[in-house]
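Participant: Pasting a structure here, questions to come.
The values are calculated or read from the model by the stated rules, or taken from the named source; none is laboratory data. Note that the coordinates shown come from a computational prediction; the quantities given were computed from them, not determined experimentally. Note that each Cβ is placed from the backbone with ideal geometry, even for glycine, and that neighbours are counted across all protein chains shown. In case anyone asks, the SASA skips ligands and DNA or RNA and just uses the protein heavy atoms, side chains included. Shrake-Rupley method; radii C 1.70, N 1.55, O 1.52, S 1.80 Å.
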Amino acid sequence: MNRFFILILAISAMLMCGCDKKEVVVPPVMPTDIISEEDAKAAIGGKYELKLNYDAVVSINDNSYKASYLAEPLGSGDPVFVTVTSPSEELPESSVKELYESGYEGRTKKKKVEGLGNAAYIAFPSINIYQNGYLIVITAGSGDTQEQIDLLISLGKTAVENLDVFLQQYEK
C-alpha cells in the first residue's frame, strides 16, 4: 500500500513539473490592429476624411476579418478595405500560404513587390501580402496609377510593421 501511495505521489509530481510551460494562444489579428483609422487617413494624405464603417470589424469566417474605412461624406474619396486571414488549428500557416499563392497564380495582371513581408504582389486595386503565416489584403485608391501603387505599398508597410508589433506581445 505504501509503494502504491509513493508511486501515485511520484507520478503526480512528474506531471506537475511538466505544467510549467503555458501555451500562448494568439488571437486572430483584427484589421484594425494593423491598419488603424489614423493609419488609413495618414496614407491618403488627408485628401478626405475616412471613418471605420459602423465602427466595426466584420467577421468573414473564423479566420478572416475585414475593416472598411469609408470616405466621409460618402463618395468624396476612395475607401480603404483591410482583410486579414489568421492561421489557426483549422487553417494552418501552410494553408494560409496556399491561399496567397493561389491568389497570385490566379491573376494575370499582377506585379510582385520586393522587400514587403515574406511575399507581396499588387493586382489592382489591391495589395496582397503574406507575412509570418498571415494573409493581408488591402484595397485602396483607384486608377491603376503610380499614385495608387505608392498608396498600396505605404499601407502594406504599415500593416506588416504593425502585425510584427502585435505578434511580439505573444512571443515566448
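Participant: If you take just the strands (runs of 3 or more DSSP E) that sit entirely in the range 34-150, which of them hold at least 2 residues that are closer than 21 Å to Phe166 by Cα, in contact (Cβ under 8 Å) with a residue 24 or more places away in the chain and in contact with a Ser or Thr (Cβ under 8 Å, 6 or more places away or on another chain)?
Facilitator: Ranges flagged: 64-72, 80-85, 134-140.
Participant: Looking at Val137, is it closer than 17 Å to Thr85 by Cα, open to solvent by 20 Å² or more (accessible area, probe 1.4 Å) and among the aliphatic types (A, V, I, L, M)?
Facilitator: Judged against the criteria, Val137 is a match.
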